[in-house]
Amino acid sequence: MNPKKLSNDLDARLGVSRAMQAVLVTFMLSTVLLSLALLLHRDEERVVMLPPQIDKSFWVDRDDVAPELLQEMGLFLVQLAYNVSPSSVDYQSKALLRYASPEAYGALSNAASVTAARMKADSSSTVFLPRAYLQDKTPGAKAVAFIGDLQTYVTNNLVATRGVAIVVRFKYRNGRLYVDEMKEAKQDDPFETKPAVGAR
């Protein structure tokens, strides 16, 4: 038996074993690091959406939407609700209700039915002419107000013009934007941020 050969053979075997150990430790560390990265990673995926009337694109992520999308969607929905005639009110009401949140569906549906009945009885039409818009700056709020003139026609005659602010409130849930409220408000304080007169 050659001791030198045995020593060289032992060194070669230990060297391969040590190299394999180093590779295994490296794989284990990389697996642990990848697992931590997956656990701690927050998905920042941003979806680009287009409003029904395509003027520009907007971002939408998991928790929020672009303010510009609220403005475009709000104006689209206000026009569905307020630019109506006896012949178009039913169709436009149905189109508007497709965007209603489940909680607001009943109230919006009732308001649309009352408006449709009144317009058909009076043979009246309305046209909303927006002049400006405001966005609610309250943290977490998704609301926009459109300020303008609401014209009322009976047959072809303009019978009234009044200044109004129309507030549209939204809910964003499961990647979809819903209308939660649509109402007329004061032009000088559409989001009711000022205290009422006489309130302490």
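The values are calculated or read from the model by the stated rules, or taken from the named source; none is laboratory data. Keep in mind that this is a model prediction, so the values were computed, not measured. Every residue, glycine as well, gets a Cβ built from its backbone with ideal geometry; the counts of neighbours run over all protein chains shown.
A few remarks follow.
- Extreme residue, nearest to Arg176 (Cα to Cα), among residues of region 99-154 that are basic (Lys, Arg) and over 23 Å from the mean Cα position of the chain (by Cα): Arg131
- Only one of the numbered conditions (1) assigned to a strand (DSSP E or B); (2) of a type in the set (Ser, Thr, Tyr); (3) surrounded by fewer than 13 Cβ atoms within 10 Å (Cβ to Cβ) is not met by Thr126, and that is (3).
- Test: Leu77 is surrounded by 11 or more Cβ atoms within 10 Å (Cβ to Cβ), modelled with pLDDT of 80 or more and assigned to a helix (DSSP H, G or I): yes
- No other residue among Pro139, Pro195, Pro86 is over 28 Å from Asp64 (Cα atoms) and at pLDDT below 90 apart from Pro195.
- From the options Arg42, Arg62, residue that is modelled with pLDDT under 70, under 30 Å from Gly140 (Cα atoms) and assigned to a loop (DSSP other than H, G, I, E, B): Arg42
- Hits in region 140-177 - residues which are of a type outside the set (A, V, I, L, M) and either in a loop (DSSP other than H, G, I, E, B) or under 14 Å from Asn83 (Cβ atoms) (or both): Gly140, Lys142, Phe146, Gly148, Asp149, Gln151, Thr152, Tyr153, Thr155, Asn156, Asn174, Gly175
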